[in-house]
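See below for the structure under consideration.
The values are calculated or read from the model by the stated rules, or taken from the named source; none is laboratory data. Please read these numbers as outputs of a predicted model, since none were measured by experiment. Neighbour counts are summed over all protein chains in view; Cβ atoms, including those assigned to glycine, are modelled from backbone coordinates with ideal geometry.
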Amino acid sequence: MKDSNLPPSLQMGMRSSVNVSSEVLGALLETPALHALLDSFGEALIITDGEGRVRFLNLAAERVNRLSKQQAIGLPDSEFFQRSTLNYDDLQAALNRGGNSALTRSREGRVMLSSTHAIPTGAYEKPFRMLTQKDFDGSQPQRRASLGARPVEPQGLRDPQDNALHLSPQLSGIADTGVRAFRRRARLLLLGEPGVGKTAIARHIHRAAGWGDRPFIHVNCGSIPESLFESEMFGYERGAFTGALAGGKQGYIEAAAGGTLFLDEIGEIPLHVQAKLLKFLEDSTIQSVGSPLSKTVQVQVIAATNKDLRHLVSIGEFRADLYYRLAVLPVEIPPLRQHRADLPFLIDILLSRVNGDREPSLSLSAGCRKRLLSYDYPGNIRELVNIFERLAVLADDEAQEHHLPAEMLEPLRPREPANAQLADEEDAQQNLKLQVQHFERQVILQAMHLCGSKRKAAVHLGIDIGTLIRKLQRE
């Protein structure tokens, strides 16, 4: 394959049969002369080492990704993709399929062709890689087809920064409450089972509040080792500990400066770090590991969890003061089984997304669609997304029932007409009652935030203070 997307001077080097060791390449990337040369190219260039960590990016790459060298060097490529303002979903999918090129898009709609190329190293060493990026001319349909580029989806259907799923109608309605609170700088706590779409809602709130051009840093608190949590969250200075990067490292909080910090799985934060996070939430200051100085960082915080934080508070595993700092407005996100009316919409959108980069197009047999509509999805929206990924791989042009996971192939149970109708009516009444209570609670909490006290909120809502307190205490 020709490396036609590289600058001509680099195309010559890539065709060379000479291999150099990783150590030599690493040393070369530290030289000011090479920096000056690569910074002169108009194409964006990003170089990662054999472990997939960013070792260099030129000025053009800094501009298009909106990340400085100081912010990017040392990051794993997956974290670089997350922090960049470009959407790398299609490129990562192409790499997983064995490809090396895809289109990446900015929030402003700029489309770029991104391609990766191995840089030859020693025979027993993992190769360095170079990622090149340049503006893409979308008027070339043949070129788009050769890249497997997805057709442009209708506006509002998909969050370009969300690699799971855009919001369904009911989830969008729930998120709108969050958007109003976010605009008033209230902290949100998203609650719900795993896979219900908490990340998608957080991104929706960030974008819908008009912050689409600001950083959105997603931190999965459960995936960070306890021993590294403080340094990853608050950053560290040069020489702070053995193995620290020579130039230190910026933490997640500082990376989110001016934007949104999304603390996913907040219940997993180690207890000894919670006090330091609480201080940041109180005065917006952080202190990097190994630094005697504090700095002010302004961010908007959204937290999420599938755990009962109040229970964790009661058993001493989560600080009560931190809980109340985070849960200014708790937002409950229902499991998919409780908003089944969204299923046809979600199925059609997911099918459209699968067909965006697939030939031949995939369709669903009547039996397959029936199974999809009748299943309870204990894994919620995430499970539904995974099922469509499975269908895209296993089915040719029409997905049949046997392509579905085994747990979905149990006999469909016919309902007893009379008993089923009675049960459905009771379930509907109970579900409606719970939804009304939940809605009332959200309205009261929002009024309290706006008015500053329960008594003023009661006057604002036209109810007495006793009724307001009773509705708040009702579970």
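Points worth noting:
- Within segment 175-198, the set of residues being surrounded by fewer than 23 Cβ atoms within 10 Å (Cβ to Cβ) and either out of contact with any strand residue (DSSP E or B) (no Cβ under 6 Å at 6 or more places or on another chain) or not assigned by TED's automatic domain parsing to the domain that holds V301 (or both) comprises D176, T177, V179, R180, R183, R184, R185, G192, E193, P194, G195.
- If you filter segment 348-379 down to residues that are over 21 Å from the mean Cα position of the chain (by Cα) and of a type in the set (K, R), you find that the one that is nearest to A406 (Cα to Cα) is R371.
- Lone unmet requirement of (1) out of contact with any Gly (no Cβ under 8 Å at 6 or more places or on another chain); (2) surrounded by fewer than 20 Cβ atoms within 10 Å (Cβ to Cβ) for N386: (1)
- Every residue from segment 265-308 that is among the aromatic types (F, W, Y) and either in contact (Cβ under 8 Å) with a residue 60 or more places away in the chain or under 19 Å from V331 (Cβ atoms) (or both): none
- Residues in segment 341-364 that are out of contact with any Ser or Thr (no Cβ under 9 Å at 6 or more places or on another chain) and either closer than 25 Å to K307 by Cα or β-branched (V, I, T) (or both): I347 alone.
- Among residues of segment 317-374 being farther than 29 Å from A181 by Cβ and in contact with a Pro (Cβ under 8 Å, 6 or more places away or on another chain), the one that is surrounded by the most Cβ atoms within 10 Å (Cβ to Cβ) is G356.
- Every pair of residues 6+ apart whose Cβ atoms lie under 9 Å, when the first sits in segment 309-333 and is on the phi > 0 side of the Ramachandran plot while the second is assigned to a helix (DSSP H, G or I): G316/L271
- Residue match in segment 363-384 (condition: among the aliphatic types (A, V, I, L, M), within 30 Å of I266 (Cα to Cα) and modelled with pLDDT of 85 or more): yes
- Screening F280 against (1) at pLDDT 85 or above; (2) over 18 Å from F80 (Cβ atoms); (3) not in a helix (DSSP H, G or I) leaves a single unmet condition, (3).
- Identity of the residue in segment 226-248, at pLDDT 80 or above and under 19 Å from F80 (Cα atoms), that ends up surrounded by the fewest Cβ atoms within 10 Å (Cβ to Cβ): L228
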